Structures are given as C-alpha cells and as structure tokens.
Amino acid sequence: MDPLNPDHAESIFVEYARLLERDLTENRHPARADSLPYAKPVIRAAIRISVRRLADSGHLTAEMREYFETAYVSLADYLDGELVDLLTEFRRAGEQLTTESAVVGEKTGTAAWHTLVKSGALAGEVARVTTTEAEELRKEFQAFATAM
C-alpha cells in the first residue's frame, strides 16, 4: 500500500483507527509497535494525506481534525515490545501493592516492591520519552493541518 495514494491512505488510516480504538477500549496503552497494521511512518503519511484530502474537499470538520490529531499523537504510545512488557509489569506491581492489606514494612519485602524499585527509573524515562514524542507529533500535526 502506498500511503501517498489517497485511497490507500484512507485504508491504512481505517485499519489503524480500528486498532487504536480497540486498544483504547481494552486499556492496552502503551501498546506494542509490532501490533500496528503498518509502520509508524506509513501511518503518519497516510494521516497527512487523508487530512489533506478532507481539507481540499471541504469535509474536514473541527471534530474530524481533533480525531485525526488524537490518532496521530497516539502513535507515540506504540512502543517496542520489551518496553511495553516492562511498563505492564511495573503497573501490575504498583496495583498489587495498592491492593494488598499488608503493613508497609511487610510490603517492602514483596516481589512487587522489588519490581518497582528495579524498574522505576527506567519506567519513568520511558514515560518521559513517550511524552516528548507525543508533543513532537502534536506539533507536527498542527503544523501541517494549519497549513491547509
């Protein structure tokens, strides 16, 4: 599929939008980049072409623009599988600690506590990098959408 072909771009975006909606509904974020139907650059190009096509035809509403922007920015939440596994384990450990009724001193000896301690800095760095990428994608989207 050629993301620069408007018909192909639409198909690429529809596949991605379905996946994104499913992942959001099932609370699968961050999600694995290898679950995307196409590579991130292909999806980004398809979104740009789709937005341009809608703008040129006069059919790009504010609501649709916001929908495309959200989809574009959400690409930042698709990460390498190992990072998703790390963040998933980190989240589970945190949830486990908040639901356990053990005394704080006893919690520090649990596997969940050790997982948080070992992976906390890395999880924070992944979150920072993901947030930075999301902001860059937002600026990129706004730049090309405004230029239309």
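The values are calculated or read from the model by the stated rules, or taken from the named source; none is laboratory data. Note that this is a predicted model, so its numbers are computed, not measured. Here the Cβ positions follow ideal geometry from the backbone for every residue, glycine too, while neighbour counts run over all protein chains shown.
Would you mind stating whether Ser74 is touching a helix residue (DSSP H, G or I) at 6+ places or on another chain (Cβ under 6 Å), farther than 20 Å from Arg22 by Cβ and among the hydroxyl-bearing types (Ser, Thr, Tyr)? Here the answer is no, as Ser74 does not meet what is asked. In this structure, Thr108 does not satisfy being β-branched (Val, Ile, Thr), free of Cβ contacts under 8 Å to residues at least 24 places away in the same chain and under 16 Å from Ala17 (Cβ atoms).
List, please: which pairs have Cβ atoms under 6 Å, are six or more places apart or on different chains, and start with a residue in segment 38-57 that is modelled with pLDDT of 95 or more and surrounded by fewer than 17 Cβ atoms within 10 Å (Cβ to Cβ) and end with one that is acidic (Asp, Glu) and part of a helix (DSSP H, G or I)? So the pair list comes out empty.
Of all the numbered requirements in (1) of a type in the set (Val, Ile, Thr); (2) surrounded by fewer than 12 Cβ atoms within 10 Å (Cβ to Cβ); (3) within 21 Å of Asp23 (Cα to Cα); (4) modelled with pLDDT under 95, Thr88 misses one, and that requirement is (2).
For segment 103-148, the set of residues classified as of a type in the set (Val, Ile, Thr) and within 30 Å of Thr61 (Cα to Cα) consists of Thr130, Thr131, Thr132, Thr146, listed by residue number.
So that you can scan it fast, the table gives a plain yes or no per residue for (1) among the aromatic types (Phe, Trp, Tyr); (2) in contact with a strand residue (DSSP E or B) (Cβ under 9 Å, 6 or more places away or on another chain); (3) farther than 16 Å from Pro30 by Cβ; (4) modelled with pLDDT under 85:
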{"residue": "Val117", "(1), (2), (3), (4)": "no, no, yes, no"}
{"residue": "Glu125", "(1), (2), (3), (4)": "no, no, no, no"}
{"residue": "Glu136", "(1), (2), (3), (4)": "no, no, yes, no"}
{"residue": "Phe141", "(1), (2), (3), (4)": "yes, no, yes, no"}
